[in-house]
Amino acid sequence: MGRTWPRKPLKSLMTTRIERPLSPHLQTYRWTLTMALSIIHRATGVALYFGTLLLAWWLIAAASGPGAYANVQAFTGSFIGRLIVFGYTWALLHHLLSGLRHLVWDLGYGFKASEREALSWGALIGGIALTLLVWIVAYTVGGGR
Amino acid sequence: MTAPKASMQKTSMRTPLGRVRNLGASHSGTSDFWRQRLTAVATALLIAPVVVIVLMLIGRNQAGAAQILGAPLIAIILILFIIASAWHMKIGMQVVIEDYIHNEKLKLASVMANNFFCVAVALASIYAILKLSSGV
Ligand code: HEM
């Protein structure tokens, strides 16, 4: 394939194009665990963003009085409520571990293929394990919400 | 930034336009990147105590919950968590908005709404904790 640019040599420094390799479209790459976790990190971040409404609602209800607090408890005790709080717990703990992975990378460690994989599996499995642990404790101390 | 030598330019992978000028496209340099990490570490440190606090409240009624939430140490931990996480999620959501919304006006409106949401959630939560702490 012939090169299509630069069509005309441009003089201005700001518009000068240097020939450099282009990256293929995202779909060209083989799907990897690190890629999936990258998206999950973003999805859990956004979910937690809206999940803070739950925390705010619960605190405001506790400050408002018994009636308001009973409403929150009715919600968190319902099937849908439990599902949402369970999802929030997982999102939080997964995002925590996955975020720590980001911080390790930020410090310049863990870039070897094997290390990347290990960190990613660790975040995935660790997040699920911690979520189950928290819920087992929750049911043991209080019989659920 | 001084202009690169001609010989350097030939081998560079970057266009002259790609070289960051002043504070770059974000208009805030790397300060948001740094604060995102700072608030991430703060939130991470606070998660364990916050989870323990929530577990302590399970099965209690409002009076019991209010008593625990009003204790100074617990109130302070929760307020720190709220400040760190609200700040962190404000920066994080702004990154997401800037990644996906390219219409300049819609982007401005979204970034503004994001700021309002985070400040409102944080202040409402902090107000509730302070009210519980002062016992009124
Ligand atoms: C309630 C708690 C939290 C909320 C609401 C939250 C929310 C978010 C959001 C919305 C983003 C942007 C997602 C993206 O750019 O893809 C994000 C990114 C990030 N979060 Fe959190 N987060 C929370 C807790 C944590 C914790 C505990 C850590 C601990 C390590 C953490 C580490 C990070 C990091 C490192 C990023 C940047 C990722 C990147 O550069 O791509 N977050 N968070």
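The values are calculated or read from the model by the stated rules, or taken from the named source; none is laboratory data. Since we're looking at a predicted model, the values are computed, not measured. Here the Cβ positions follow ideal geometry from the backbone for every residue, glycine too, while neighbour counts run over all protein chains shown. In case anyone asks, the SASA skips ligands and DNA or RNA and just uses the protein heavy atoms, side chains included. Shrake-Rupley method; radii C 1.70, N 1.55, O 1.52, S 1.80 Å.
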Distance histogram in 10 Å bins (all Cα pairs of region A:17-60, percent per bin) = 21, 26, 22, 18, 9, 4
Please give the helix A:113-142 orientation as an angle from the longest Cα principal axis of chain A, in degrees from 0 to 90, rounded to the nearest 10.
-> 10 degrees
What does the helix-only formula give at 222 nm for chain A: each DSSP H stretch with n ≥ 4 adding -39500 (n - 2.57), the total divided by the residues, and the result rounded to the nearest 500 deg cm²/dmol?
-> -25000 deg cm²/dmol
Taking a temperature of 37 °C and a viscosity of 0.692 mPa s, what whole-number D in µm²/s does Stokes-Einstein yield for region A:32-142 with Rh from Kirkwood over alpha carbon pairs?
-> 211 µm²/s
With a sphere of radius 11 Å drawn around the Cβ of B:Gln36, what net charge do the other residues whose Cβ falls strictly inside it have (Lys, Arg +1; Asp, Glu -1)?
-> +1
Accessible area expressed per residue, region B:27-100, with surrounding protein chains retained (probe 1.4 Å, Å²) = 50 Å²
Would you check the accessible area of A:Arg116, probe 1.4 Å, heavy atoms only, in square angstrom rounded to 10?
-> 90 Å²
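Quick one: with all protein chains in place, what share of the accessible area of region B:28-102 is carbon or sulfur, to the nearest percent (1.4 Å probe)?
C and S fraction of accessible area: 72 percent.
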Relative to the first principal axis of the alpha-carbon coordinates of chain A, what is the inclination of helix A:79-106, with its axis defined by its Cα atoms, in degrees from 0 to 90 and to the nearest 10?
-> 40 degrees
Between chains A and B, what is the buried accessible area summed over both chains (1.4 Å probe, protein heavy atoms, nearest 100 Å²)?
-> 3500 Å²
Positions from region A:99-122 whose accessible area shrinks by 30 Å² or more when the full protein complex is built, not the chain alone, probe 1.4 Å = A:Leu103, A:Asp106
Rounded to one decimal in nm, the spacing of the 7 Å Cα→Cβ label points at B:Arg35 and A:Leu33 is 3.5 nm
Step through the residues of region B:37-44 one at a time and calculate ³J(HN,Hα) from phi using the Karplus curve (6.51 cos²θ - 1.76 cosθ + 1.60, θ = phi - 60°), rounding each to whole Hz and writing x for Gly and Pro.
-> 6, 4, 6, 5, 5, 4, 4, 4
Per residue, how much accessible area does chain A show when a 1.4 Å probe rolls over the protein heavy atoms, in square angstrom?
-> 64 Å²
So the angle from the long Cα axis of helix A:66-77 to the longest Cα principal axis of chain A, reported in degrees to the nearest 10, equals 60 degrees
Considering only protein heavy atoms, with the full assembly of protein chains and a 1.4 angstrom probe, order B:Ile91, B:Ile126 by accessible area, largest first.
-> B:Ile126, B:Ile91
Two-site label geometry, A:Phe86 and B:Asp99: point separation in nm, points 7 Å out along Cα→Cβ = 2.8 nm
How long are the semi-axes of the ellipsoid equivalent to region A:82-145, from square roots of 5 times the Cα gyration tensor eigenvalues, in whole Å, largest first?
-> 29, 10, 8
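Using Cα pairs closer than 8 Å and at least 6 residues apart in sequence, work out the relative contact order for region A:32-142, in percent.
Here the relative contact order equals 33 percent.
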